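We did not get these values from a lab; they are worked out from the coordinates using the rules stated. From a predicted model like this one, the values you see are computed outputs, not experimental measurements. A quick note on method: Cβ atoms are made from the backbone with ideal geometry, for glycine too, and the neighbour counts reach across all protein chains shown.
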Amino acid sequence: MNDEDAVIDDIEIENEEETLEAEADVGDIMSDVDPLADFVNSVETGNFVNAEQQFDHAISDRLQQTLDQAKMAIAGRLYNAEQEIEAETDETDS
């Protein structure tokens with residue numbers, strides 16, 4: 001192998017490294033934006049421990065959101081029922 005071939009090989013290796021770094025940066029950005037994409041990437045790369053943690057976190061978040069919505073609905077019904085009872089009481093007192 002001559003010097004020109006060695007230089008070309010070095011340039012190709014540097015380009016591949018830069019491409020891999022750019023892809024990693026894009027992956028980091030996407031994981032911040034889309035947890036599902038991060039989960040899928042973990043499964044594709046065979047990082048099942050990380051995928052399990054991401055799955056558990058996603059399910060936990062979804063469950064917490066559902067519980068919060070249910071709490072708000074129940075509280076809204078209770079609060080509105082109290083207002084109706086107070087309004088009926090005020091009307092009967094008059």
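Values as computed for the structure displayed
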quantity	calculated
Packing-based ranking, highest mean first, of 54-66, 71-83, 34-46 given that Cβ atoms within 10 Å are counted	34-46, 54-66, 71-83
Gained length - GLN83 relative to ILE59, 0.36 nm times residue gap less alpha-carbon distance	5.0 nm
